[in-house]
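Enquirer: Submitted below is the structure of interest, expressed as structure tokens.
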Amino acid sequence: MPKAKQIERARGEEQAGSPLDAAFKLVDSLAVPVFFKSRDGRYLGVNRAWEEFFGIKGEAFIGKRVADLYPQDPAIAERHAAMDRELYARPGRQSYEITVRTRGGELRDTIYYKATYADARGEVAGLIGAIIDITVRTQAERALRENEERWRAIVNSANEGILVYDRSLNIVAGNQAAERIIGVPLAEIIGARGFTSLLPCVHADGRPVQPDDRPTRIMVRTGKPLTGHVVGIKRPGGAHTWLSVNTGFLRHHDSADWYGVVSSFTDITAQRNAETALRESEERYRRTFELAGSGLAHVSLDGRFLRVNRCLCEFLGYSEVELVGMSVKDLSHPEDRDAVDTRRERLLSGEVESVQLEKRYLRKDGATVWAHIAIAMERDAAGKPLYAISVLDDITQRMQTDAALRESEERYRRTFELAGSGVAHIALDRKFIRVNRRLCEILGYPEHELIGMTGRQISHPDDLEVINQQRAKLYAGEIDHVRVEKRYLRKDGSTVWVAFSMVVERDAAGKPMYEIAIFDDITERKRAEEAVRESEERFRSLTQLSSDWYWEQDAEFGLKFMSRRMGERTGLDAAAYIGRKRWDQPALNLTQADWAAHRAQLERHEPFRDFEMERQNPAGGTRWISVSGEPIFDSDGRFTGYRGVGSDITQRRQAEAELKRAHDDLAKKAEELQRSNAELEQFAYVASHDLQEPLRMVSSYTQLLKRRYNDKLQGDAQEFMHYIVDGAARMKQLIEDLLAYSRVGTKGKEFKPVSVEAPLKKAITNLRAAIEESGAAVTWDPLPTVDADEVQLAQLFQNLMGNALKFRGQSVPRIHVSAAERDGAWQLSVADNGIGIEPQYFERIFMLFQRLHTMGEYPGTGIGLAICKKVAERHGGRIWVTSAPGEGSQFHFTLPKKESP
Ligand code: ADP
């Protein structure tokens, strides 16, 4: 049915085709759902928009009631009905919001606008309603509200303080955290020009924040948001609340300009305090490290110093620069180099927290020092080892003291053990608590048996109280030691004599702790003393019989005993001496001073030997007596006199006097001999020297004679001439040699240091012709330097080597000169391989003119070796030969060793 018709019908078809139709047409075309209801609540009509809104065909619904519109939702229907009733009660207009459901089941937020209309009589005939769908708007509003609430919740629950500023930088909003952090009620904050204007604020470095320094202003000035800007709020009492402030601009999304500023901030006081504390603690640590009384080092995992403190530098004697980077091992004492190695593994693995040890290091100056070291590992957060921390303490002093102590203890122990005496520590209950080996030997018990025994248990029954008599005094402090001799019974039952000394060891307070006793085995001595006593008598009678006599003097040197033998031996009256001192009677050989010296010796209690006295013999003549004596001391060390022996030495004295006379004679003769020798030497020198001149005349004229007149000489004359010339030549040689001989003594030079090789070489040069002619080989060893007359040494060598060349055998001559040190002198030897000499001539050949051969066999004067002898003797040496015929000769001579300067 068309719309008009519906409306017509609704109106009872009274005014069809009226202007109302046009109105209905308009209503029908409205986008707003519109409906009419009669006074009795029946729907009279709806427009197209209504149909679309509810999804219901209007024709089908005309005449129905609102309850029919919401079969599922009676509450909605009832609300409408109620509103309708209210409207009819007070006709006019009405509007209300309500959520309705369409046929499609959708809920829509709507506003109902209703108004009553009247019939012709002016009676309320029904109502007209229009529905505005506000679902979209309410949803948007709700979303916005929710969103805002969500943000508000977030902002308010945030830990960060948040403040919102408007464009003039006044605070317009803030959250609870801001209130909490700033400590000012939000109401007071809002409207303020930033919280920094509310409270005194400072920068991170403590400077007060000026209005221009406020974070918001900085941002606005620079145009850049701030992050992590630190501001401190100064609290009464000096504490600070430190804030880390971020700021940002507020902009509309479609605008480049900003309309406000937001700042957020967190309270970093705790963090900052922690940082300060950390910095302080680090600083403290650094200072501690530096100032520590111990050496401190950080050591890398490869064993090098990373960081060292001054104390360590001083300890090791290196500077910090030198030490850092050095290997710890290189500084360690060679024997302790690997000391840490074994422990390091356990330290690295974390098996142990730290290790401690004592080891040695070598200082830069080479000295060894001892350190106590504690090492711990520094690890990162993950537990990985970073480096080792070492704490070193100088314990050199202690180690030295320890060593000294150990040594002294060891020394003490060894002394105790090795003491030649038996040593025991005896407890106050008299039991042995410690004994040494020697004591075990003396007492014949093994150590374990002796310990726990008392001395009394093993004392000789007769000597039980010997020690006890003194012990009380010792403990009372009246005496400081006990010294007795007593007997013990050894385990094997034998008796041992012991010299026993004892002191008591007291504690610091003087209370006796234990006794220290020394035992010396004096059994032997006791036995010897016994033997001495026994033998004394025997000895006395023995000396009576001996050829010497025995005497004793008292402490005042008066003779108290003299054996009978004295009188028998000397014929002197021994009895006359008894009771008298030695110097009471005269001795011809002694002066007052001699006696005083002897007496002084006796008073010094010194022994004396062979004190000789020539005593007048009343029977005529004198007797020589020799006495020896020694002082006697009693067991307390007191001097009691002298005892000794005497003998009659008259005969010996006479023999000595005889000998001396002979000796003096001899000396006189020797002196004469020397003088006559010297005279002879002088004579020989003068004679040979003066003979030279006439001889030279004889020989030159005979030679001249021979040269000029030899052919004129008849028969034997020529032969005689030859003999004369030859004789003159020989005499010339003889005189020259003799002159050389005498010159050794008279024309010698002063001794000077001479290297023996020099005169030897000189001699070789002089003999060169003979050496070359014979093809001789001359060799020599290294030769010493001596104090000598070099010319005479050359002469000596020349004579010896000349002989060696002259008295050569069949083979080529070999001469060797050697030197050896013997009895503090140099012995030089000239050895040859010549014909040798028979032993019976060894002495003779050194005498003047002594030769073993005729002139025909070997030429010579027999003076050469005599010169050698004289030279050697003049140098304080001697000369001799060793040889065997056919086996060469060795001439040896000595020269005193040059005295070292
Ligand atoms: P001369 O050589 O003039 O005969 P010396 O006094 O030098 O006189 O020697 C004395 C003697 O000693 C020599 O005649 C010789 O018989 C013997 N004699 C010396 N030197 C040697 C020698 N090297 N070998 C063998 N005999 C020697």
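The values are calculated or read from the model by the stated rules, or taken from the named source; none is laboratory data. Everything numeric here is computed off the predicted structure, so don't read it as measured data. With ideal geometry, Cβ positions are generated from the backbone for all residues, glycine too; neighbour counts draw on all protein chains shown. Heavy atoms of the whole protein, side chains included, go into the accessibility calculation; ligands, DNA and RNA do not. Shrake-Rupley method; radii C 1.70, N 1.55, O 1.52, S 1.80 Å.
Enquirer: So the check is Cβ under 6 Å with 6+ separation or different chains; which pairs have a first residue in region 791-806 that's open to solvent by less than 20 Å² (accessible area, probe 1.4 Å) and a second one that's within 11 Å of the ligand (Cβ to nearest atom)?
Expert: Close Cβ pairs satisfying both conditions: Leu796/Cys868; Leu800/Val830; Leu800/Phe891; Met801/Ile815; Ala804/Ile815; Ala804/Asp832; Ala804/Gly834; Leu805/Pro813.
Enquirer: Which of the residues spanning region 155-193 are closer than 18 Å to Ile268 by Cβ, in contact with a strand residue (DSSP E or B) (Cβ under 6 Å, 6 or more places away or on another chain) and open to solvent by 30 Å² or more (accessible area, probe 1.4 Å)?
Expert: Glu160, Ile162
Residue-wise test of (1) modelled with pLDDT of 90 or more; (2) open to solvent by 40 Å² or more (accessible area, probe 1.4 Å); (3) not in a loop (DSSP other than H, G, I, E, B).
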| residue | (1), (2), (3) |
| --- | --- |
| Gly567 | no, no, yes |
| Ala587 | yes, no, no |
| Leu590 | yes, no, no |
| Glu606 | yes, yes, no |
| Phe611 | yes, no, yes |
| Val627 | yes, no, yes |
| Asp636 | no, yes, no |
| Gly644 | no, no, yes |
| Ala657 | no, yes, yes |
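Enquirer: Starting from region 343-360, keep only residues that are over 13 Å from Tyr387 (Cα atoms) and open to solvent by less than 40 Å² (accessible area, probe 1.4 Å), then list their pairs with residues that are polar (S, T, N, Q) and assigned to a strand (DSSP E or B) whose Cβ atoms are within a distance under 8 Å, requiring at least 6 positions of separation or different chains.
Expert: Going by the 8 Å Cβ cut-off, the qualifying pairs are Lys359/Ser332.
Enquirer: Just the residues that are hydroxyl-bearing (Ser, Thr, Tyr) and open to solvent by less than 90 Å² (accessible area, probe 1.4 Å), please, taken from region 680-713.
Expert: Selection gives Tyr685, Ser688, Ser699, Ser700, Thr702.
Enquirer: Working carefully through the options Asp492, Asp462, Asp480, Asp520, find the one that is modelled with pLDDT of 85 or more and in a helix (DSSP H, G or I). Reasoning before the result, please.
Expert: Values: Asp492 fails: in a helix (DSSP H, G or I); Asp480 fails: in a helix (DSSP H, G or I); Asp520 fails: in a helix (DSSP H, G or I).
Every option except Asp462 fails the conditions.
Enquirer: Looking only at region 783-836, filter to residues that are within 16 Å of the ligand (Cβ to nearest atom), touching a strand residue (DSSP E or B) at 6+ places or on another chain (Cβ under 8 Å) and among the hydroxyl-bearing types (Ser, Thr, Tyr); which one of those is nearest to Met855 (Cα to Cα)?
Expert: Ser829
Enquirer: Could you tell me which of the residues Ile632, Ile625 is within 60 Å of the chain's Cα centre (by Cα) and closer than 21 Å to Lys560 by Cβ?
Expert: On inspection, the qualifying residue turns out to be Ile632.
Enquirer: Another question, then. Here are Ala374, Ala424, Ala367, Ala382: which of them is touching a helix residue (DSSP H, G or I) at 6+ places or on another chain (Cβ under 9 Å), of a type in the set (Gly, Ala, Ser) and closer than 30 Å to Leu347 by Cα?
Expert: Ala367
Enquirer: While we're here: Quickly run through region 870-901 and pick out the residues that are closer than 26 Å to Glu750 by Cβ, within 15 Å of the ligand (Cβ to nearest atom) and hydrophobic (A, V, I, L, M, F, W, C).
Expert: Passing the criteria: Val871, Ala872, Ile879, Phe891, Phe893.
Enquirer: Here is a further query. Which residues, taken from region 443-479, are charged (D, E, K, R) and closer than 26 Å to Arg525 by Cα?
Expert: Kept after step one, since they are charged (D, E, K, R), are these residues of region 443-479: 447, 449, 456, 462-463, 465, 471, 473, 478.
Once the filter is applied, which keeps residues that are charged (D, E, K, R) and closer than 26 Å to Arg525 by Cα, region 443-479 yields Glu447, Arg456, Asp462, Asp463, Glu465, Arg471.
Enquirer: Here's something else I'd like to know. Return the pair list, or none, for Cβ contacts closer than 6 Å from residues in region 594-616 that are at positive phi to residues that are of a type outside the set (Ser, Thr, Tyr) and surrounded by fewer than 14 Cβ atoms within 10 Å (Cβ to Cβ), at least 6 apart or on different chains.
Expert: Listed pairs, sorted by first residue: His605/Phe639.
Enquirer: Scan region 820-838 and report the pairs whose first residue is on the phi > 0 side of the Ramachandran plot and whose second residue is within 16 Å of the ligand (Cβ to nearest atom), with Cβ atoms within less than 7 Å and a gap of 6+ or a chain change.
Expert: If the second residue must be within 16 Å of the ligand (Cβ to nearest atom), the pairs left are Gly836/Ser883; Gly836/Ala884; Gly836/Pro885; Gly836/Gly886; Gly836/Glu887; Gly836/Gly888; Gly836/Ser889.
Enquirer: Here are some conditions: (1) in contact with an Asp or Glu (Cβ under 7 Å, 6 or more places away or on another chain); (2) surrounded by fewer than 12 Cβ atoms within 10 Å (Cβ to Cβ). Ala476 meets all but one. Which one does it not meet?
Expert: Looking at each condition in turn, Ala476 falls short on (1).
Enquirer: I'd like to verify a number: residues in region 117-164 that are out of contact with any Phe, Trp or Tyr (no Cβ under 6 Å at 6 or more places or on another chain) and within 30 Å of Leu243 (Cβ to Cβ), how many?
Expert: The number of residues fulfilling the criteria is 17.
One line per residue, one yes/no per condition, for (1) modelled with pLDDT of 90 or more; (2) open to solvent by 20 Å² or more (accessible area, probe 1.4 Å); (3) part of a helix (DSSP H, G or I):
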site: Pro71; (1), (2), (3): no, yes, no
site: Glu97; (1), (2), (3): yes, yes, no
site: Val100; (1), (2), (3): yes, no, no
site: Gly105; (1), (2), (3): no, yes, no
site: Lys114; (1), (2), (3): yes, no, no
site: Gln139; (1), (2), (3): no, yes, yes
site: Leu144; (1), (2), (3): no, yes, yes
site: Trp151; (1), (2), (3): no, yes, yes
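Residues are listed down the side, and each one gets a yes or a no for (1) surrounded by 18 or more Cβ atoms within 10 Å (Cβ to Cβ); (2) under 20 Å from Pro200 (Cα atoms); (3) among the charged types (D, E, K, R):
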position: Gly238; (1), (2), (3): no, yes, no
position: Trp242; (1), (2), (3): yes, yes, no
position: His253; (1), (2), (3): no, no, no
position: Asp267; (1), (2), (3): yes, yes, yes
position: Glu282; (1), (2), (3): no, no, yes
position: Gly303; (1), (2), (3): no, no, no
position: Arg307; (1), (2), (3): no, no, yes
position: Leu312; (1), (2), (3): yes, no, no
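Enquirer: Only one residue in Ala125, Ala118 is farther than 21 Å from Glu51 by Cβ and touching a residue at least 60 places away in the same chain (Cβ under 8 Å), so which one is that?
Expert: Ala125
Enquirer: Which numbered condition trips up Ile724, out of (1) out of contact with any Ser or Thr (no Cβ under 6 Å at 6 or more places or on another chain); (2) at pLDDT below 90; (3) open to solvent by 70 Å² or more (accessible area, probe 1.4 Å)?
Expert: (1)
Enquirer: Does region 755-764 contain at least one residue that is over 18 Å from Pro896 (Cβ atoms), within 15 Å of the ligand (Cβ to nearest atom) and out of contact with any Gly (no Cβ under 6 Å at 6 or more places or on another chain)?
Expert: Among the residues of region 755-764, at least one is over 18 Å from Pro896 (Cβ atoms), within 15 Å of the ligand (Cβ to nearest atom) and out of contact with any Gly (no Cβ under 6 Å at 6 or more places or on another chain), which makes the answer yes.
Enquirer: If you don't mind, another one. Which residues, counting only those in region 839-869, are under 17 Å from Thr894 (Cα atoms), more than 8 Å from the ligand (Cβ to nearest atom), free of Cβ contacts under 8 Å to residues at least 40 places away in the same chain and of a type outside the set (D, E, K, R)?
Expert: Once the filter is applied, which keeps residues that are under 17 Å from Thr894 (Cα atoms), more than 8 Å from the ligand (Cβ to nearest atom), free of Cβ contacts under 8 Å to residues at least 40 places away in the same chain and of a type outside the set (D, E, K, R), region 839-869 yields nothing.
Enquirer: Return the residues of region 820-869 that are over 22 Å from Val744 (Cα atoms) and crowded, with 16+ Cβ neighbours inside 10 Å; say none if nothing qualifies.
Expert: Correct list: Ala831, Asp832, Asn833, Gly834, Ile835, Gly836, Ile837.
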